[in-house]
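Novice: Sharing a structure here in structure tokens format.
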Amino acid sequence: MSITVTTSTLDQAVAQKRFDDACRYLRQSDLANFLLDELIAVKEELTVEVTNSSAADKTDRWIPPAANSTTSAGRVVWNLKSQVYAIEKQYKQPDLSNFQKFLALFASDRVERLSPALVLMHELGHACQFLTNKAEFRKQLADKNILEVENINVNAIENTVAKELTAKNNKEGLRWDYLDAR
């Protein structure tokens, strides 16, 4: 298995169980199920550090491996108390016609919380992005294209998983831009 769960704030068994529970929830999504299997199958090790700090602490993140590392897929820090609220600004939805975008300007924004599990999936999505094309991903990070990296992750992975989970009667937020969160 290429995913190792660690913690410094919880009992190790509790951290592993919370991670396993989140993965079980996420596996309701076909995309999340596929990506989790891929992360488990790769030879590089991905470390997931589970924390339970204050929800005000914005601790969730993916940390890339050292440039010379060939055995690491990076490290995810995942906060069990994550409270990310996605603001779905309908006019930003990418598949709308110009007229639909115009009409959406008059619609109210929808605000929904992302579950901590979906926040985990977002961070795991960065590991997937990295493993897909390491050189290009490192170049984007070096060129400070962070917002582009985030928006690709939001629209390709996070939103797809959120939609699939919502279709299974789970409540998840959507955002079309990484910055549309609070």
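The values are calculated or read from the model by the stated rules, or taken from the named source; none is laboratory data. Just so we're clear, the structure is a prediction, and the values are computed from it rather than from any experiment. We place every Cβ from the backbone using ideal geometry, glycine too, and count neighbours over all the protein chains shown. Protein only, heavy atoms only, side chains kept; ligands, DNA and RNA dropped before computing areas. Shrake-Rupley method; radii C 1.70, N 1.55, O 1.52, S 1.80 Å.
Novice: Which pairs turn up if I take residues in the stretch 7-28 that are in contact (Cβ under 8 Å) with a residue 12 or more places away in the chain and look for partners that are in a loop (DSSP other than H, G, I, E, B) and of a type in the set (S, T, Y) with beta carbon separation below 8 Å, at least 6 apart in sequence or on another chain?
Specialist: Final answer for the pair search is T9/S53; A15/T7; Y25/S115.
Novice: Does Q83 qualify as being touching a helix residue (DSSP H, G or I) at 6+ places or on another chain (Cβ under 8 Å) and within 20 Å of V154 (Cβ to Cβ)?
Specialist: Working: touching a helix residue (DSSP H, G or I) at 6+ places or on another chain (Cβ under 8 Å): no; within 20 Å of V154 (Cβ to Cβ): yes.
Against the criterion (touching a helix residue (DSSP H, G or I) at 6+ places or on another chain (Cβ under 8 Å) and within 20 Å of V154 (Cβ to Cβ)), Q83 does not qualify.
Novice: In a helix (DSSP H, G or I) and either open to solvent by 50 Å² or more (accessible area, probe 1.4 Å) or modelled with pLDDT of 95 or more (or both): is that true of F102 in this structure?
Specialist: Details: in a helix (DSSP H, G or I): yes; either open to solvent by 50 Å² or more (accessible area, probe 1.4 Å) or modelled with pLDDT of 95 or more (or both): yes.
Here the answer is yes, as F102 does meet what is asked.
Novice: L114: crowded, with 21+ Cβ neighbours inside 10 Å, within 22 Å of I146 (Cα to Cα) and in contact with a helix residue (DSSP H, G or I) (Cβ under 7 Å, 6 or more places away or on another chain), yes or no?
Specialist: On the way: crowded, with 21+ Cβ neighbours inside 10 Å: yes; within 22 Å of I146 (Cα to Cα): yes; in contact with a helix residue (DSSP H, G or I) (Cβ under 7 Å, 6 or more places away or on another chain): no.
No, not satisfied.
Novice: Which one is surrounded by the fewest Cβ atoms within 10 Å (Cβ to Cβ), of the residues in the stretch 29-69 that are among the hydroxyl-bearing types (S, T, Y), in contact (Cβ under 8 Å) with a residue 12 or more places away in the chain and not in a strand (DSSP E or B)?
Specialist: Among residues in the stretch 29-69 that are among the hydroxyl-bearing types (S, T, Y), in contact (Cβ under 8 Å) with a residue 12 or more places away in the chain and not in a strand (DSSP E or B), the one surrounded by the fewest Cβ atoms within 10 Å (Cβ to Cβ) is S54.
Novice: Follow-up question, since we're still on this one. Looking at the structure I just gave you, is L147 of a type outside the set (D, E), open to solvent by 40 Å² or more (accessible area, probe 1.4 Å) and either under 19 Å from R24 (Cβ atoms) or assigned to a helix (DSSP H, G or I) (or both)? Steps first, please.
Specialist: Numbers: of a type outside the set (D, E): yes; open to solvent by 40 Å² or more (accessible area, probe 1.4 Å): yes; either under 19 Å from R24 (Cβ atoms) or assigned to a helix (DSSP H, G or I) (or both): yes.
Yes; evaluated as a whole, the condition is true for this residue.
Residue-by-condition table, conditions (1) part of a helix (DSSP H, G or I); (2) open to solvent by 80 Å² or more (accessible area, probe 1.4 Å); (3) in contact with a Ser or Thr (Cβ under 8 Å, 6 or more places away or on another chain):
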{"position": "L141", "(1), (2), (3)": "yes, no, no"}
{"position": "N151", "(1), (2), (3)": "yes, no, no"}
{"position": "N155", "(1), (2), (3)": "yes, no, no"}
{"position": "E158", "(1), (2), (3)": "yes, no, no"}
{"position": "E164", "(1), (2), (3)": "yes, no, yes"}
{"position": "N169", "(1), (2), (3)": "no, yes, no"}
{"position": "G173", "(1), (2), (3)": "no, no, no"}
{"position": "W176", "(1), (2), (3)": "no, no, no"}
